[in-house]
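Contents: one structure, followed by commentary.
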Amino acid sequence: KRHNVYAQITKDVGDKLHLYADFVYSNRQNLQNVTRGSASAKVYNAATGTFSANPFMPVGLTANPTTVSWDANAMFGPGATIKGSAEDIYFRADAIYDLSPKWSVNLGGIYGSDTSQQINTGQLNASAFNLALNGYATAAINGVAQSVSQVLTTSNAVDLWGNGTSAAVKASLIDNRQFQQARQNLRNAYLKVSGDVIDLPAGAAKLAVGGELTGYTMDQYNIRPNNLGVASSNSQVFNAYYSRSVQSAYAELYVPLIKDGFIKSLDINISGRYDHYSDFGSTTNPKLALNFEPVRGVKFRANWAKSFVAPALTSIGSNSAGLTGESGFSGINPGGIPGGAPTISIASFPSITSVPGVTCTATACTLASTANGVLVTGGNGNLKPQKGTAWSVGVDLTPVQVPGLKLSVTYWYNQLRGGITAPQATLALGSADLAYLLQLYPAGATSTQIAALGAGLPQTGTISNPVYFSYNFQQQNALNLDVAGLDVSASYRFETAAGRFTLGGAFTRKMKFDQFFGANGTKFSVLGTSGFNTTFPSVKTEGRVNIGYDKGPFSADLYVNHLGDYDFWGSGVVNPVVRTNGVPASGGDHVQSFTTIDLHAAYTFKNLGFMKEATAYMDVSNLLDTAPPFVNAWGTN
């Protein structure tokens, strides 16, 4: 259920002062019916150590223990839900005052807030299931391993093979309430002064200068089971508060150099912006642009700019350690390292040969599959802004001999440095500046070293000693991209006795998509693939053409959408991706191109009496019901 209210007010006070205000309120409630869940655990027919015998275990199950897998939907049926809600308020007030016919000042402010919640109820509580199945559950609470146990009887055990489960045990199995809430606030005030600086032969040079003050806050509040039994009496609270203030200043200058002379026109645009962030420092970014029209109907253009994206509050975290709702440290074995157990270079990590149980060649070693380690996850309080450099050159053709025709061609190049991601070990260890993410302890890590790994973060799992390695999977300024491509578009509009027609199309052809991790990691191409870089699309060709018609009150548009073929490098591939030193090079599953047709038709009614105008329309997506090409991404259905 969604309810929305929008209001806009405009008011002129005399001839010089113009006032504007916008208000938006939105409230959304949603209910999702979900599976009760399933579990797999060991069941005992005789008490063993900390585990109790289950009195309902059939006589035929003589192995001790026996692993069972169980679907809770069979016992409880439907009833598990996820309830979500979001309430948003947005208000903007804006004033423009005309200082003179050529100069004005703009003053305004924005306030916005969002409060969202999610409540999960009725799903299987895995720790309560373990207590009722084998009498034992364990978890790490505030970094300390804790456990609970009970001797099972017919009154407190779960019966997976009959109807002996008591009402109290049934209630405990789905006592698993989870609550999440986030409150976000935005406050912004801005001031801009703009106008004509000087009159030149080609027109007025224009200047704009301004500044902004912005503040962000976010408060996360979670209540979740602590994995030691029923949630109603065994839950833990997580709270994180984030804040950020930003002071900004900018200037932009537009200068028309030539107009209607020996050449048609020439103008330049120079701008720059300075931003100071309370949590990571300052950044300055310039931009240059040029338009050159030698003759009417032929315009060349070029631009160059530097840019940045600030780390998200939930990436930089709520403390210096990068605490977020996903942060923590826990014990793993080498197979639990993100990206799989890496091959570790002896030249980069000489001490690897001294770690017990390693298997080595002349140049590299592999950790024993049973080696104990520590994995650190979550945000990073030391993140810096993601930096970008972009430039493009292009030409627009609007020939006077063919009215209604426009052609555009643009070559563009984008460079991203320090993109924020949590790099997999197989990719990070190829760069010297990221090698510190893996730490080795040939003699076993001391308790002080283990505590230092997770300082400021919660322990989320049991750590087994001795610890011989650790991997830091916190977010890093690690991803670097070099991407280039060609954009081509064309449109032609013409009138006939039967009505007006519009023909158009736009295509993008990526020509380069290289990425590497760290300042000196191995560069590799993902152009023409999908599934490896899951943030940015790297398919080579995408495009759309359209045919439009309108006459009087009726209009219609037909669109043909095309996505080019590519190689799928995600999980579930039939043909394995071939890697060299952890870097993907070839292989994967080839996926065919995909073309669909969409239709839009509309009819406008006018002068209906109580309404001045109304439009009825119909949209059809994938008009021919074309089936998409097969991708073996079984993990995501």
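Miscellaneous remarks
- Stretching Val409 away from Asn269 to a fully extended chain increases their span by 48.3 nm, per 0.36 nm per residue minus the current alpha-carbon distance.
- The distance from the alpha carbon centre of region 411-427 to that of region 325-388 is 20 Å, rounded to a whole number.
- A simple charge model with +1 on the Cβ of Lys and Arg, -1 on the Cβ of Asp and Glu and nothing else charged puts the dipole of region 520-627 at about 300 debye relative to its Cα centre.
- Taking only the C-alpha atoms of region 358-398, the Rg (one decimal) and the largest Cα-Cα distance, Dmax (whole number), read 23.9, 69 Å.
- Oblate is the label for region 139-190, because the ratio a/c of its alpha-carbon gyration tensor axes (a ≥ b ≥ c) is 1.5 or higher and a/b is not greater than b/c.
- Averaged over its residues, the chain has an accessible area of 53 Å² per residue, based on protein heavy atoms and a 1.4 Å probe.
- Equivalent ellipsoid dimensions for region 428-587 as semi-axes, Å, which come from the Cα gyration tensor, largest first: 52, 18, 14
- Cα Rg, Dmax, region 557-637, angstrom units: 21.9, 73
- Set of aspartates and glutamates near Lys102 by C-alpha distance (under 19 Å), chain-local residues within fewer than 8 positions excluded: Asp12, Asp15, Asp196, Asp199, Glu252
- Taking 24 Å as the straight-line reach from the Cα of Lys1, the lysines in range (excluding those fewer than 8 positions away in the same chain) are Lys83.
- Nearby lysines by direct alpha-carbon distance to Lys523 (threshold 16 angstrom, same-chain neighbours under 8 apart not counted): Lys512
- Most positive-pole-ward Cα, Leu266, Asn27, Val583, against dipole of the chain from beta carbon charges: Leu266
- Rg and Dmax over the alpha-carbon atoms of region 435-486 stand at 16.2, 56 Å.
- Distance between the 7 Å Cα→Cβ label points at Asp71 and Ala452: 5.1 nm.
- Summed side-chain charge close to Lys387 - residues other than Lys387 whose Cβ falls under 10 Å, Lys, Arg +1, Asp, Glu -1: +3
- Rounded, prolate or oblate (a/c below 1.5 giving rounded, otherwise prolate when a/b exceeds b/c) for region 117-269 by Cα gyration tensor: prolate
- Computed E for Ala7/Asn607 - FRET, C-beta separation, R0 25 angstrom, nearest 0.05: 0.35
- Using only side-chain charges placed at the Cβ, +1 for Lys and Arg and -1 for Asp and Glu, the dipole size of the chain relative to its Cα centre rounds to 260 debye.
- The coefficient of translational diffusion for the chain, derived via Stokes-Einstein from the alpha carbon Kirkwood radius under 10 °C and 1.306 mPa s, stands at 52 µm²/s.
- Region 88-139: C-alpha pair distances exceeding 12 Å, %: 79
- Full-stretch length increase - Val144, Lys512 - with 0.36 nm per residue and alpha-carbon distance subtracted: 127.5 nm
- Put simply, the Cα atoms of region 193-286 extend 84, 23, 19 Å along their principal axes, the longest span coming first.
- Three-way shape label, region 93-197, alpha-carbon gyration tensor, a/c 1.5: prolate
- Packing here is the average count of other Cβ atoms within 10 Å per residue, and on that basis the peptides 356-366, 131-141, 234-244, highest first, run 131-141, 234-244, 356-366.
- Pairs from Lys287/Lys540; Lys192/Lys264; Lys259/Lys299; Lys192/Lys287; Lys42/Lys170 whose Cα-Cα separation, in the structure shown, is over 21 Å: Lys287/Lys540; Lys192/Lys264
- Helix-only arithmetic for the chain: the sum of -39500 (n - 2.57) across DSSP H runs with n ≥ 4, divided by the residue total, places the mean residue ellipticity at 222 nm at -1000 deg cm²/dmol.
- Packing-based ranking, highest mean first, of 57-67, 439-449, 373-383 given that Cβ atoms within 10 Å are counted: 373-383, 439-449, 57-67
- For region 58-146, relative contact order (Cα pairs under 8 Å, six or more residues apart, normalised by length) works out to 26 percent.
- Counting 0.36 nm for each residue step from Ala46 to Lys102 and taking away their Cα separation leaves a gain of 11.1 nm.
- Every Cα-Cα pair in region 292-425 was counted, and those over 28 Å apart are 54% of them.
- A convex hull fitted to the Cα coordinates of region 361-470 yields 221 cubic angstrom per residue.
- For region 427-447, backbone nitrogen atoms closer than 18 Å to the point 7 Å from Cys360 Cα along Cα-to-C-beta are found at 439-444.
The values are calculated or read from the model by the stated rules, or taken from the named source; none is laboratory data. Given the structure is predicted, the values throughout are model-derived calculations rather than measurements. No Cβ is skipped: glycine too gets one built from the backbone with ideal geometry, and neighbour counts run over all protein chains shown. With ligands, DNA and RNA removed, areas are computed over all heavy atoms of the protein, side chains included. Shrake-Rupley method; radii C 1.70, N 1.55, O 1.52, S 1.80 Å.
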